[in-house]
Amino acid sequence: MSIALQYCHITVNDPDEALPFYRDGLGLEVRNDVASDGFRWVTLGSPTQPGLEIVLSAPHAGRSQADGDTLQELLTKGVLPMTVFSTDDVDATFERVRASGAEVLQEPIDQAWGPRDCAFRDPSGNMVRIQQGPKA
């Protein structure tokens, strides 16, 4: 038996506003773009990990008004869980994401626990960390 993560959701204020960060900055590819009832779900994936995808959607997409309102409040506060990506070259990835206009939270640094990493906020305020494992 095997198990693998297939996709996860990232809540954003506006998928169109978030696309330049995730597509152009991080280099993810748009795999699907679905509209329904005035909302959109945009699925993106890595060109190097074809089975793993993320889905960008607004707080109220597919949720009750109350749940969407609560999620919007948490998104506005910037307290939704962070997303961590891995790369084989954190410095080059950092420069590419910074060039997309993303808000830099931390430039690349070697962490005491092993990885070299950096951090950004996406256009909706979500923290996104990018790490590279320790060099052998």
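Observations
- Normalised convex hull volume, the range 7-132, alpha-carbon set, Å³ per residue: 104 Å³
- Here the relative contact order of the chain, from alpha carbon pairs under 8 Å that lie six or more residues apart, stands at 23 percent.
- Whole-Hz couplings from phi, Karplus 6.51/-1.76/1.60, listed for the range 106-121; x for Gly and Pro: 8, 6, x, 8, 7, 8, 4, 8, x, x, 9, 8, 9, 9, 9, 10
- Placed amide H near VAL84: partners under 5 Å, 5+ positions off or other chain: ARG129
- Distance in nm between pseudo-label sites at SER36 and ILE109 (7 Å out along the Cβ direction from Cα): 4.3 nm
- For the range 80-136 and the range 1-55, distance of Cα centres in Å: 18 Å
- Taken over the range 49-118, the ratio of Cα radius of gyration to 2.2 N^0.38 Å equals 1.43.
- Which of PHE94, PHE85, PHE120 has the fewest Cβ neighbours within 10 Å, and the rest in rising order: PHE85, PHE120, PHE94
- Percent of beta bridges antiparallel (DSSP, the chain, rounded to nearest 5): 75 percent
- Taking 13 Å as the cut-off, no amide N atom of the range 97-136 comes nearer than this to a point 7 Å along the Cα-to-beta-carbon line of GLU73.
- Straightening the chain between CYS8 and THR48 buys 12.7 nm, computed as 0.36 nm per residue apart minus the Cα-Cα spacing.
- Qualifying trypsin sites (Lys or Arg not before Pro) for the range 46-136 [loop in DSSP, other Cβ within 10 Å: at most 15]: LYS135
- Hz values of 3J(HN,Hα) by residue in the range 22-34 - Karplus curve (6.51, -1.76, 1.60), Gly and Pro given as x: 6, 7, 7, x, 7, x, 7, 9, 6, 9, 7, 9, 10
Values in this text are rule-based calculations from the coordinates and carry no lab data. Since the model is a prediction, treat every value here as computed from it, not as a measurement. Ideal geometry is used to build each Cβ from the backbone, glycine not excepted, and the neighbour counts take in all protein chains shown.
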